[in-house]
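Notes for the one structure printed next.
The values are calculated or read from the model by the stated rules, or taken from the named source; none is laboratory data. Note that the structure is a prediction, hence the values are computed from the model and not measured. Here the Cβ positions follow ideal geometry from the backbone for every residue, glycine too, while neighbour counts run over all protein chains shown.
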Amino acid sequence: MNTLRKPIFHAGLILFLMIVFFPAGLILLIIRFIGHKDYSYLRSKDYAIFRNLFLILAAFFVLLKFAPSSDNTDTTAFTPVFIFCLIIAGFFQIKSRKKIDQIFVRSEHYKTLLYVNRLDSLHAIASVMNLRPEFIKNDFYYLMACGQLQNLHIVEQTGRIVLTDQREVIPPQQQEQEPKQQVATSPPASKKKVSPKSFSCPNCGASTVLYKEEYKECEYCATFLTYS
């Protein structure tokens, strides 16, 4: 069973160092961020560290604002700083959530390439999606851990993907689109005499079969394709 990689440095350690000695914590965070370039699910946690840091700063300025002062220091300037910290924390929360959402969006493309297009290697899928094979592999491990991809095994040495269940699984989106497209894009009888040609979508890389002078939308990203 494949296990997910753990972060290079623990988030608690980084936050502690940023509070005690900011430069040390920042260096560790930069090293961790660079080391996670092929791990979207860990990048999500990196953004969460930034979120937590600005939440801590916001709490700190709230304490300064309401803390009793013997010299009557003006604390009104702390309010905009507090609001700024909350806005930045919200920004990194969105970035963190988006990283995970993007993995699940890509999972639909992975399923199509695996079960419909029958691609059986990380390099082939990476070429179609214009991503690094290592990036694809780590997405697969995360999705397998979440139960989104099942009954498959990745051969680490070669990058080959072995399906342990060979039954074809058609993604729900394609199941909904397929009956409609069969009616809307069926070529005229006169054009069926010409041999069809397979085209790769310039946007998502999915394969689509077209007849001469036929045009239709890509069923995965709605890019217009034509065979003139």
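Evaluating Pro23 against the criteria (1) under 30 Å from Pro133 (Cα atoms); (2) loosely packed, with under 14 Cβ neighbours inside 10 Å leaves one unmet condition, (1).
The sole residue among Leu86, Leu163, Leu149, Leu114 that is in contact (Cβ under 8 Å) with a residue 24 or more places away in the chain and closer than 30 Å to Leu57 by Cβ is Leu86.
Selection of helices (runs of 4 or more DSSP H) fully inside the range 81-189 by the criterion of at least 3 residues being among the small types (Gly, Ala, Ser) and at pLDDT below 90 returns nothing.
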